[in-house]
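One structure is given here, and the rest of the page talks about it.
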Amino acid sequence: MLLFTGGTVYREGRFDEGPLAADGAKIAACPAGTDGASVVQVPDCLIVPGFVDVHVHFRQPGFAYKETIRSGTSAAAAGGYTTVCTMPNLQPVPDTLEHLRAQLDWIRRDAVVRVRPYGSITRGEQGAELSDFEALAPYVAGFSDDGRGVQSREVMREAMERAKAVGKPIVAHCEDETLLRKDWAVHDGGFARKYGFPGNAPESEWKQVERDLELVRDTGCQYHVCHVSTKESVALIREAKRDGLRVSCETGPHYLALTDMEISDDGRFKMNPPIRSAADRDALLSGLLDGTVDCIATDHAPHTPEEKSRGLRGSLNGVVGLETAFPVLYTRLVETGLVPLETLLRALCVRPREIFGFAPCTLSPGEAADFTVLDLNRPHVVDVANFRSLGRATPFDGWGVSAAVAMTVCGGNIVYHNLPDREATL
Ligand code: DOR
């Protein structure tokens, strides 16, 4: 048995005194003494349910030179995540069970945290013919064509009907390509105008959210919106929830912590959707506070240094996020008083499990021993040289942050450990 002592334990909205016990893969009732237990001292730390990131790109199979299941799950562990959901823009695209198997084999072999893949909505993510929903359903968290919007309303309607029939959510990357110039580099806003960059129109996102919400009204499908970045999307989703639709959404740390006026012509600020205006950022914060924005997901999207070296115009879309999310969010949102810690934890640990039907994780005896030990008083500077991820492009490189993930435990195994030696006894 492992006994984590000296910290505070976050259980269903309450901060209790420790210790927390793990027996094998499960949380156990705390014994009266410490006899026979290995004591792990986590002084002044906060123990929370393991984070869940419902939107990551691990590039295996197909693009292992950018990230592998091993490097990606190691980065997840270092970020405090015990479950991640992997997007299907892979080679092969997981559109049949046979194509998904390649990824499942890597996961079985190399994953250090739990990985729940998505199946694609359409074959090859080509937007035309639907994937094999029935065969994939038992193995996937949901269906997504992330990286691209499903352009055809009829294909999306059919996808929602099929997803509903197999009891899985549609997880939508919303992007109407007819409303988008192909050479966009940044949000179509202040930065684009000031420095003469081609802009990405916010309606390319929210018009497709609007279309899909109409389809959800018709089909009754469970529907989750990926990387929400615009104030209009937030308003639409708020209204849909008010109307009782089974709708949820996520945004990313970079949309909450930055605005387009704070970026520079560097590939580490290039992602899809782009970082938007202060008004959009404020709407996302309000949405997080009132529960419209359910989850914070990183959209961890690693590329090679060369692929990210071509400035805003030429770099590929995508930034890494697993290893910076909690320190950045805690420092920028919680310490500043913008967001209560409980709200942040709800978006990182609670809502993702509820939405995707994963086993509850409340640190109660009998549940899986999936938890994260946070040191809320560990000032440090984000340094990409320390990342486990093969990707290094992040807008947060060099940021001063005040909290750190001290330890991550998944299924009773310590999968990440960053306690100062003098304080830890293992
Ligand atoms: O920035 C992004 N990167 N957005 C996406 O939608 C896809 C992702 C990727 O796969 O690199």
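Condition check ((1) under 20 Å from Pro352 (Cβ atoms); (2) at pLDDT below 95; (3) within 15 Å of the ligand (Cβ to nearest atom)) across all residues:
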| site | (1), (2), (3) |
| --- | --- |
| Gly62 | no, no, yes |
| Glu67 | no, no, yes |
| Ala78 | yes, no, no |
| Met87 | yes, no, yes |
| Leu90 | no, no, yes |
| Thr96 | no, no, no |
| Leu104 | no, no, no |
| Arg108 | no, no, no |
| Ala111 | yes, no, no |
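How many residues does the range 293-316 contain that are more than 20 Å from Arg346 (Cβ to Cβ), among the aliphatic types (A, V, I, L, M) and within 12 Å of the ligand (Cβ to nearest atom)?
2
Arg281: part of a helix (DSSP H, G or I) and without any contact (Cβ under 8 Å) to a residue 40 or more places away in the chain, yes or no?
Criteria met by Arg281.
Looking at Thr324, is it closer than 16 Å to Ala76 by Cα, within 16 Å of the ligand (Cβ to nearest atom), touching a residue at least 40 places away in the same chain (Cβ under 8 Å) and in contact with an Asp or Glu (Cβ under 7 Å, 6 or more places away or on another chain)?
No: the conditions fail for Thr324.
Keeping to the range 2-32, report how many residues are crowded, with 17+ Cβ neighbours inside 10 Å, under 27 Å from the mean Cα position of the chain (by Cα) and assigned to a loop (DSSP other than H, G, I, E, B).
Of the residues in the range 2-32, 1 are crowded, with 17+ Cβ neighbours inside 10 Å, under 27 Å from the mean Cα position of the chain (by Cα) and assigned to a loop (DSSP other than H, G, I, E, B).
Name every residue in the range 108-137 that is in a strand (DSSP E or B) and over 23 Å from the mean Cα position of the chain (by Cα), in order of residue number.
Within the range 108-137, Leu130 is the sole residue that qualifies.
Answer yes or no as to whether Val334 is away from the ligand (no atom under 15 Å from the Cβ) and under 27 Å from Arg246 (Cβ atoms).
In short, no.
Take residues that are within 16 Å of the ligand (Cβ to nearest atom) and tell me which of the helices (runs of 4 or more DSSP H) falling wholly in the range 192-261 contain 2 or more.
203-219, 253-257
Residue by residue through the range 138-158, note down the ones that are touching a Lys or Arg at 6+ places or on another chain (Cβ under 9 Å) and not in a helix (DSSP H, G or I).
Passing the criteria: Val140, Ala141, Gly142, Phe143.
Restricted to the range 145-169, and to residues that are under 15 Å from Val216 (Cβ atoms) and touching a Cys at 6+ places or on another chain (Cβ under 6 Å), which residue is surrounded by the fewest Cβ atoms within 10 Å (Cβ to Cβ)?
Among them, the one singled out is Lys164.
The values are calculated or read from the model by the stated rules, or taken from the named source; none is laboratory data. Owing to the predicted nature of the structure, the values given are computational and were not obtained by experimental measurement. Every residue, glycine among them, receives a Cβ derived from its backbone with ideal geometry; neighbour counts consider all protein chains shown.
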